[in-house]
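No value in this document is a laboratory result; all are computed from the given coordinates. Please read these numbers as outputs of a predicted model, since none were measured by experiment. Backbone-built Cβ (ideal geometry, glycine too); neighbour counts: all protein chains shown.
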Amino acid sequence: MTNFRMISQIIEPQYVIEGAGVLLRRSIAPHKSNLFDPFLLFDHFAFNDPIEGPIRGFPMHPHRGIETVTYMLEGSTHHRDSLGNAGLIGPGDVQWMTSGRGILHEEMPRRGESGNIYGFQLWVNLPARLKMTEPRYQEVNAETIPTYEKDGIKIRVVAGQVGGVTGPVTEIAASPLYLDVQLPPDTEFIQPIPGGHTALAYVFEGEGVFDDKTIEAVKLIKFDDGDSIRVETENHPVRFMLMAGQPFKEPIAPYGPFVMNTMEEIQQTLIELRNGTFIK
Ligand code: MN
């Protein structure tokens, strides 16, 4: 029998200011309680409303011990890093960046033809054995992200599998599922998710019925354990990011853009930054 996952928590994203004064909506942030293991942070950025002010970016900053996943819907983000990588993450593109032992990078959003900027950044943890791994990028152009389509349902598959469609991002420690799901009105959608994996849905347009509860944008839903997620729509369409991944069940020590396992490893990171040995 199918064991549909129930909602365990509904989170209202909070406005926070990050980088050089970027106002964004943050749903979760790294905390040693690690309640969303393997996920650490989920930010939603947009510059399409007067409240959000001028476009500012994220000037050079380091990361260690995590993966940052940038998904642009509108506009783009120009990035460059200490290893000589540079590029533009355009509309519909994904950058899955495994910081491993460390990078210094800059992320600067730019308006697109629409005049808007709209995107998400997800942070996924790395297990202890991979925290000091070599940095790696998986840059996925919009055209190479496959779309699962059936009965008006449209799902862009970044990582994981929907029906017979497999996402291009692979070899990620958390075995993640990362989907951009669009459902028309009067639809039912069921997605299997392995038992024991953490599952979150970020509802950012419209409304849908999750676990028999109507959820309106904008909310982050955390699900209890089970073997699949069931979503229905009634009179409205809904669009949400669906993410799931295997928890590592390790202690974490978060400190700004670093997430290690112990405070000693954080102190070591800060020493390396000061003495110029952070980048290997
Ligand atoms: Mn960054």
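With contacts taken as Cα pairs under 8 Å at a separation of at least 6 residues, segment 7-275 carries a relative contact order of 19 percent. Kirkwood analysis of segment 7-275, using all unique Cα-Cα pairs, places the hydrodynamic radius at 18.9 Å.
Hand me the tally of lysine pairs in the chain: alpha carbons under 17 angstrom apart, and the pair either on different chains or 8 or more positions apart. Here the count comes out as 5. Hey, how many Å between the Cα centroid of segment 1-47 and the Cα centroid of segment 54-110? So the separation of the two Cα centres works out to 18 Å. Shown here for segment 198-265: trypsin sites (Lys or Arg not before Pro) in loop regions (DSSP other than H, G, I, E, B) with at most 16 other Cβ atoms within 10 Å, namely LYS249.
Neighbour counts of other Cβ atoms within 10 Å put ARG56, ARG274 in the fewest-to-most order ARG274, ARG56. Reported to the nearest whole Å, the Cα centre-to-centre distance from segment 124-191 to segment 235-255 is 12.
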